[in-house]
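Scroll down for the structure; my scribbles are underneath it.
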Amino acid sequence: MPRFYLPENLSVGQTVALPDNIVRHLNVLRVRPNENITLFDGKGKAHAARLTVLEKRRAEAEILHEDTTDNESPLNITLIQSISSGDRMDFTLQKSVELGVTAIQPVISERCIVRLDGERAAKRLARWQEIVISACEQSGRNTVPPVLPIIGYREALDKMPSESTKLIMSINRARKLGDIRHPSGAIVFMVGPEGGWTEQEEQQAFDAGFQAVTLGKRILRTETAALAALAAMQTLWGDFA
């Protein structure tokens, strides 16, 4: 059943006019009138709906019932991702959402190749949030993780809650992920850019209570590191087991 993000409060029996982006998507998918779709609000609720009208530029759907399926991970993971270049950041965001991440905090660290501010930053954030929404539509998630505003590395460290399990991907002073005690609460996981962290950044993370973790002897690219670690966390502590 095709799934679409519609951030509205819906009720059973209601007929809702669908926005242009969903209408275009329905026509691309060649969905027909009277077929069923799923509409989710991004905050955890989803509804099955029947298309009552589907034209080239207009569509309406009748809300049939609430879908109580919960596809969220039991882990509350915030990914702090140092901004990577090209399509790497897009890929990381898309796949991290499929792997169950709760929120994504892009940061600018010393060795970041990409520097964003002002209008460029706003446009990139909007694009990243669209990627996250599409990943939720595809993966069956009803809660849309926020892509938080871009901040500097030091500010990100200062904002982290003290009660969370804080992990940083590094080969220095690192423990195997499997040796980390099962987290009882939120997890903050931080991954560096293509050039890695500087010694000063790593020390600042250690001073802020971060533990260094590694996935083995091989050095992983930034987009590989984030996704491999998230998958390992879901296997060790989440819903992959």
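The values are calculated or read from the model by the stated rules, or taken from the named source; none is laboratory data. Every value quoted in this text rests on a predicted model; they were computed, and no experiment measured them. Neighbour counts run over all protein chains shown; Cβ positions are idealised from the backbone, glycine included. Note: accessible area is taken over every heavy atom of the protein model, side chains too, but ligands, DNA and RNA are not part of it. Shrake-Rupley method; radii C 1.70, N 1.55, O 1.52, S 1.80 Å.
Miscellaneous remarks
- Residue within the stretch 208-220 that is modelled with pLDDT of 90 or more and over 23 Å from the mean Cα position of the chain (by Cα) present: yes
- So Thr78, is it assigned to a strand (DSSP E or B) and buried (at least 18 other Cβ atoms within 10 Å of the Cβ): yes
- Boolean, Ile150 is open to solvent by 50 Å² or more (accessible area, probe 1.4 Å) and among the aliphatic types (A, V, I, L, M): no
- Yes/no for Ala135 being in a helix (DSSP H, G or I) and in contact with an Asp or Glu (Cβ under 6 Å, 6 or more places away or on another chain): yes
- If you go through the stretch 54-66 and pick out every residue that is of a type outside the set (A, V, I, L, M, F, W, C) and either assigned to a strand (DSSP E or B) or open to solvent by less than 10 Å² (accessible area, probe 1.4 Å) (or both), you end up with 4.
- Flag if Asn71 is touching a helix residue (DSSP H, G or I) at 6+ places or on another chain (Cβ under 9 Å) and surrounded by fewer than 18 Cβ atoms within 10 Å (Cβ to Cβ): yes
- Members of the stretch 168-193 that are under 20 Å from the mean Cα position of the chain (by Cα) and within 17 Å of Arg221 (Cα to Cα): Ile168, Met169, Phe189, Met190, Val191, Gly192, Pro193
- Filter pass, Leu51 being at pLDDT 95 or above and either open to solvent by less than 50 Å² (accessible area, probe 1.4 Å) or on the phi < 0 side of the Ramachandran plot (or both): yes
- Residues (farther than 14 Å from Thr165 by Cβ, open to solvent by 40 Å² or more (accessible area, probe 1.4 Å) and touching a Ser or Thr at 6+ places or on another chain (Cβ under 8 Å)) located in the stretch 195-239: Asp239
- Test: residue in the stretch 114-128 that is at positive phi, out of contact with any Lys or Arg (no Cβ under 6 Å at 6 or more places or on another chain) and in a helix (DSSP H, G or I): yes
- The stretch 113-131 residues that are open to solvent by 100 Å² or more (accessible area, probe 1.4 Å), paired with ones that are not polar (S, T, N, Q) (beta carbon under 7 Å, 6 or more apart): Ile113/Pro193; Ile113/Glu194; Arg115/Ile108
- Residue count for the stretch 19-42, restricted to those that are closer than 13 Å to Gly140 by Cα and either in contact (Cβ under 8 Å) with a residue 40 or more places away in the chain or open to solvent by 40 Å² or more (accessible area, probe 1.4 Å) (or both): 3
- From the options Val97, Val16, Val23, Val12, residue that is modelled with pLDDT of 95 or more and closer than 30 Å to Thr198 by Cα: Val97
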